[in-house]
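The values are calculated or read from the model by the stated rules, or taken from the named source; none is laboratory data. Worth saying up front: this structure is predicted, and the values here are computed from it rather than measured. With ideal geometry, Cβ positions are generated from the backbone for all residues, glycine too; neighbour counts draw on all protein chains shown. For accessibility, only protein heavy atoms count, side chains too; no ligands or nucleic acids. Shrake-Rupley method; radii C 1.70, N 1.55, O 1.52, S 1.80 Å.
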Amino acid sequence: DDEKVAVVLFVSMRRTLILLSKRITIPKLSPTHTKARVIRFELETPAEVVSYDPIVILECSPDLVTSAFRDHPDQTLTMMVDTQDEGTVTELNDHGGEWLECGTVLGTIDDGDELDGDWTWQAYLHTEESYQAALSPKP
């Protein structure tokens, strides 16, 4: 009986943690990554989002990758970042396109519960050409 109670408590706690509203932040995309700037948001507020919805396109500082993997020392990479959370994006702030430290808050995904923690995200290398090609209808 104690095991059943522990499992129920864990499942209930896990569900509660998943349902808490989240801060949208500049993600740290590698151990060396320090800064990024918002190129654009892929939605306008308020907007309902679910897992894999694109949220923001970022230009990342050259330290995203080590110098051995850059074409030149000042090379920046553009990344598309999508959410793994569900809810309503209630606010977004691009901070005027300024370079921002990783962890800087850009907005909120509200699911009706109190704010607790940062969002879960996934990032992809982004080029405008590949993005437009993916949006184009296939023959």
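Annotations
- Exclusive hit being modelled with pLDDT of 90 or more and touching a Lys or Arg at 6+ places or on another chain (Cβ under 7 Å), set Glu101, Glu44, Glu48: Glu101
- Criterion (open to solvent by less than 50 Å² (accessible area, probe 1.4 Å), closer than 22 Å to Ala36 by Cβ and in a loop (DSSP other than H, G, I, E, B)) met by exactly one of Gly107, Gly103, Gly117: Gly103
- Residue match in region 79-90 (condition: open to solvent by 70 Å² or more (accessible area, probe 1.4 Å) and under 17 Å from the mean Cα position of the chain (by Cα)): yes
- Residues that are closer than 19 Å to Leu43 by Cα and among the aromatic types (Phe, Trp, Tyr), drawn from region 86-139: Trp119, Trp121, Tyr124, Tyr131
- Each residue in region 52-78 was checked for being open to solvent by 40 Å² or more (accessible area, probe 1.4 Å) and assigned to a loop (DSSP other than H, G, I, E, B), and 10 pass.
- Pro139 meets each of the listed conditions (1) modelled with pLDDT of 90 or more; (2) open to solvent by 20 Å² or more (accessible area, probe 1.4 Å); (3) not aliphatic (A, V, I, L, M) apart from (1).
- For Ala123, the test of being surrounded by 13 or more Cβ atoms within 10 Å (Cβ to Cβ) and small (Gly, Ala, Ser) is passed.
- In this structure, Thr45 does satisfy being closer than 21 Å to Ser21 by Cβ, assigned to a loop (DSSP other than H, G, I, E, B), in contact with an Asp or Glu (Cβ under 9 Å, 6 or more places away or on another chain) and open to solvent by 40 Å² or more (accessible area, probe 1.4 Å).
- Which numbered condition Gly96 fails, given (1) open to solvent by less than 70 Å² (accessible area, probe 1.4 Å); (2) modelled with pLDDT of 85 or more; (3) within 18 Å of Thr76 (Cα to Cα): (3)
- Taking each residue of region 30-59 that is under 20 Å from Thr78 (Cβ atoms) and looking for partners that are of a type in the set (Gly, Ala, Ser) with beta-carbon atoms closer than 6 Å, six or more apart or interchain, yields Thr34/Ser61; Lys35/Ser61; Arg37/Gly97; Leu58/Ala36.
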